[in-house]
Amino acid sequence: MTENLKAIGNDIALNKYSPAAIEEKWQKTWAELGLDNTPTENNQPKFYALSMFPYPSGSLHMGHVRNYTITDVIARLKRMQGYRVLHPMGWDAFGLPAENAAIDRGVPPAKWTYQNIAQMRQQLQRLGLSIDWDREVATCSPDYYKWTQWIFLQFLQAGLAYQKEAAVNWDPIDQTVLANEQVDSEGRSWRSGAKVERKLLRQWFFKITDYAEELLNDLDKLTGWPERVKLMQANWIGKSVGAYLEFPIVGMEEKIGVYTTRPDTVFGVSYVVLAPEHPLTKRVTTKDQQAAVEAFITEVSNQSELERTAEDKPKRGVPTGGKAINPFTGEEVPILIADYVLYEYGTGAVMGVPAHDVRDFKFAQAYDLPIEFVIAAPADVDGFDLTPASETEEVTQLIQIEYNEAYTEPGILINSEQFTGMNSVDAKAAIVKYAEEQGFGKERIQYRLRDWLISRQRYWGAPIPVIHCPNCGIVPVPDKDLPVQLPEEVEFTGRGGSPLAQLESWVNVPCPTCGTPAKRETDTMDTFIDSSWYFLRFTDAKNEQQVFDSAKTNNWMPVDQYVGGIEHAILHLLYSRFFTKVLRDRGLLNFDEPFARLLTQGMVQGLTYMNPNKGGKDKWVPSHLVNPADPRDPQTGEPLQRLYATMSKSKGNGVAPEDVIAKYGIDTARMFILFKAPPEKDLEWDEADVEGQFRFLNRVWRLVTDYAAAGVSRKQAQLADLSKPEKDLRRAIHTAIKSITEDLEDQYQFNTAISELMKLSNSLTDSDCKNSPIYAEGIKALVALLAPFAPHIADELWHLLGNQNSIHTQTWPTFDAAALIADEITLVIQINGKKRADIQVPSQADKAELEKYARESEVVQRHLEGKEIKKVIVVPGKLVNFVVG
């Protein structure tokens, strides 16, 4: 019988079940767990556990396994602790890869996407994840993007959606807009190889800047988020307090507006720079500079934003011939255009203060522009009277000689007329006040955050639900006509405009308001739109009448634990927070933030081989082509470097989940992923450690099945009559319960929790009281504590112990504080700080009693005979130290 159980155990450990068999096996369990309970049907406290949903690329990688296993452990724990748990799954299914697949393979994007979803769903189900598949959503499904479109119209009604011209990547050969990922590092199109141009198109934006201050301030509410993620969001929002100043243009009525956080440097302005795209550029350009300016604008239009703003590239510009007037000094300064100034940022113009800005300093040196120091370090002007002109000139001469680079720190103003001698902090406020009084400036709060460009000139995305009417202008598609569905008969060539724009039968429609022939919007929405509200739809995923029932959503939300990669620390999380606040203001939600706690798991890294003498992708050598004992490049014979790097196809260092499961089983894969490293740290894949977890699970299997074969004890333990071995074992049991519970509830230290499981297993193995009810208690606790980590094995063992229901429907063990208190403790005896012996003493002994036990011990009496005790140091529960002469 025992051997048969062990054989079955190996099958379970390896999970030799088909996906269909596993699904059937767990259906009953999911029903028992009440996964389909709505909030109104159950008065248990709620817990919403969510992993960031995946893009359906076609296959899982070990990063997926780690992400979803972490969330699954949390979900299982919370169910056993009495919570009703929402743990759903969906697919972030729109996006460029499906469209590229349509071009390359001739497969419709929908077909390619749904095939991938089916394959990945099957893989996830094999992992034994306790997911409520009845709530599954796919963002490319019309019953989902209908509500994405409805939400867009909410933004439109609220005045938060608008159109304006913005630059896009333009392929001049294929005559199509390119996503950033379709442009290579040299600025060329992925398909045609043409040098990509920048082109202005009228596009849709969301006014996220209206919520910039709240998005920044509410970071303080996110006490369950990593500090580094909150800092990244704060930096992205980038609040700054500065001044808006206007520089008149010589010979024109217009003025150039600039924003600066350093108004204290305004007397050092030696030029003004416009973005090449600025509307004033052409107007300020003189005839003799027109050809140079136009040539430069054409050249810059072929550069990406990244190329123009890269720190390591020289800043280039051209004089326009125009001049502006510094309103503080009345002096004329030249107007230039430069590649590093972007029209989309700030006012599209900057005041050049080369003495006090590193970028401006380099630019001024390159174009022989004046460099006027107006701020000095306090130490450099100490002892000078800055008011008389003679001493000011002397200070200036000294600084010009001493400073061979920009001085960017705050300091003392010089050469700044009535503000000379003031410190930077006071001068900023005084200069802004003066500008306001004179009518050429004011204080302004500005954000680095820009409005969100949501237009995509692609097919595979949610169509923007508006119609352009020559009479009525922009007309929202009526709610009754949603969703605006993607047409299926579309040709994909990768050339020309958006595939939707070329489908006249779809584009041409009557205006819903006046009936005049009109045209649909042919842009689709950024896929970040889809992922900015999916967590809300999960709470009421099958609602055909509403985006969601607010009562249900408000009951489940916010997400109690969100798990995902650090790569989403800024945009996805920021956009989700923005959506939540807008929908709250539309009366749909009653909370401010979508995610109460956030865990950003580390990457899974594989052993990687690199040839340092090669560049690009060629430097990576796939692991299966390398002899680990003597790693060499199979082509050149050169020695290879060994390192751990994030698993990827390009590096040839990936480990397929299917291979691990086939060899070791699902539960082993889960245990390794959780044990190898804390969840927020990177994990180095090591097959030896996988083997270790496999051996541990089989030890647990043998331990429990041997006990079950010997007969399950039904006796009730009499705690007052326990022997010392029974007390020791019970203390080990309840120590494990306490430690594992704390590890799972606090910082999710799964690795240390599994270490505690191993300790408990060892205590049971080494126990001398295997016929005791305490041993039965330990076996039961071991299986229950194992359940969130290795759900398949734990459930099988639970049934072998004679239980009918699933282990995952049981109550999580609680520890008995009294069991943690030992009857005796080991007391260390020292003489002059040197350990001489250990003795066993009652655990409740006070300091006087501990000293008495120590004095009476044979070791102390022998060592202290004839010596004078000068001092006795007692540390309760630990040691007694005798200080002797």
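Just so you know, all these numbers are worked out from the coordinates, no wet-lab data involved. If you're wondering where the values come from, they're calculated on a predicted model, not measured in any experiment. When we count neighbours, we look across all protein chains shown, and the Cβ atoms used for this are built from the backbone with ideal geometry, even at glycine.
Return the FRET efficiency for the residue pair E858, N832: r is the Cβ-Cβ distance, R0 is 22 Å, and the value is rounded to the nearest 0.05.
Taking R0 as 22 Å, the efficiency between E858 and N832 is 0.75.
Evaluate 2.2 N^0.38 Å with N set to the residue count of the range 239-447, then give the Cα radius of gyration divided by it.
Dividing the Cα Rg of the range 239-447 by 2.2 N^0.38 Å gives 1.03.
What whole-number value in cubic angstrom gives the convex hull volume per residue for the C-alpha atoms of the range 482-525?
It is 86 Å³ per residue.
Taking +1 at the Cβ of each Lys and Arg and -1 at the Cβ of each Asp and Glu, which of C140, V229, A243 sits farthest along the dipole of the chain towards its positive end, judged by Cα position relative to the Cα centre?
My answer, from the dipole projection, is C140.
May I ask you to order 408-416, 312-320, 359-367 by the average number of other C-beta atoms within 10 Å around their residues, highest value first?
Sorting 408-416, 312-320, 359-367 by mean packing, highest first, produces 408-416, 359-367, 312-320.
Report the per residue volume, in Å³, of the convex hull enclosing the C-alpha atoms of the range 601-731.
172
Expressed as cubic angstrom per residue, what is the convex hull volume of the alpha carbon set of the range 824-884?
Here the figure is 65 Å³ per residue.
Can you pull the three principal axis extents for the Cα set of the range 217-317, in Å, largest first?
That works out to 61, 32, 22 Å along the principal axes.
Give, in nm to one decimal, the length gained when the segment between K239 and R586 is fully stretched (0.36 nm per residue of separation minus the Cα-Cα distance).
122.3 nm
Once you have the alpha carbon radius of gyration of the range 493-604, what is it after dividing by 2.2 N^0.38 Å, with N set to its residue count?
Ratio of Cα Rg to 2.2 N^0.38 Å: 1.42.
Can you give the helix-only mean residue ellipticity at 222 nm for the chain, where every DSSP H stretch with n ≥ 4 adds -39500 (n - 2.57) and the sum goes over all residues, rounded to the nearest 500 deg cm²/dmol?
-11500 deg cm²/dmol
Note down, for the range 688-820, the three equivalent ellipsoid semi-axes (square root of 5 times each alpha carbon gyration tensor eigenvalue), biggest first, whole angstrom.
21, 18, 15
In vacuum, with every alpha carbon of the range 605-654 counted as one equal point scatterer, what does the Debye formula give for log10 I(q)/I(0) at q = 0.13, 0.15, 0.16, 0.31 Å⁻¹? Two decimals, please.
After summing over all Cα pairs, the log10 values are -0.23, -0.31, -0.35, -1.33.
Nearest 20 debye, what's the magnitude of the dipole of the range 239-447 about its Cα centre given +1 on Lys and Arg Cβ and -1 on Asp and Glu Cβ?
Computed charge dipole of the range 239-447: roughly 800 debye.
Please find the FRET efficiency linking D823 to K870, where r is the Cβ-Cβ separation and R0 is fixed at 41 Å, and quote it to the nearest 0.05.
Here the calculated transfer efficiency is 0.80.
Quick one: how many lysine pairs in the range 592-670 have C-alpha atoms under 17 angstrom apart, if they're 8 or more apart or on different chains?
Count of close lysine pairs: 5.
Under 17 Å from the 7 Å Cα→Cβ point of R283, by amide nitrogen: which residues of the range 297-335?
320-325, 335
Ratio of the chain's C-alpha Rg to 2.2 N^0.38 Å, to two decimals?
In units of the 2.2 N^0.38 Å rule of thumb, it is 1.21.
Simple spin-label model, 7 Å along Cα-to-Cβ: A194 to Q163 in nm?
2.4
Might you report the magnitude of the Cβ-based charge dipole of the range 533-647 about its Cα centre, with Lys and Arg at +1 and Asp and Glu at -1, to the nearest 20 debye?
100
Distances over 14 Å make up what percent of all Cα-Cα pairs in the range 198-268?
I get 75 percent for the Cα pairs in the range 198-268 exceeding 14 Å.
Which whole-number percent gives the relative contact order of the chain, counting Cα pairs below 8 Å spaced six or more residues apart?
It comes to 14 percent, rounded to a whole number.
What order do you get for 873-885, 458-470 when each peptide is scored by the mean count of other beta carbon atoms within 10 Å, highest first?
Final packing ranking: 458-470, 873-885.
In whole Hz and in residue order, list the ³J(HN,Hα) couplings for the range 336-342 that follow from phi through the Karplus curve 6.51 cos²θ - 1.76 cosθ + 1.60, θ = phi - 60°; x for Gly and Pro.
Couplings: 10, 10, 8, 6, 7, 9, 10 Hz.
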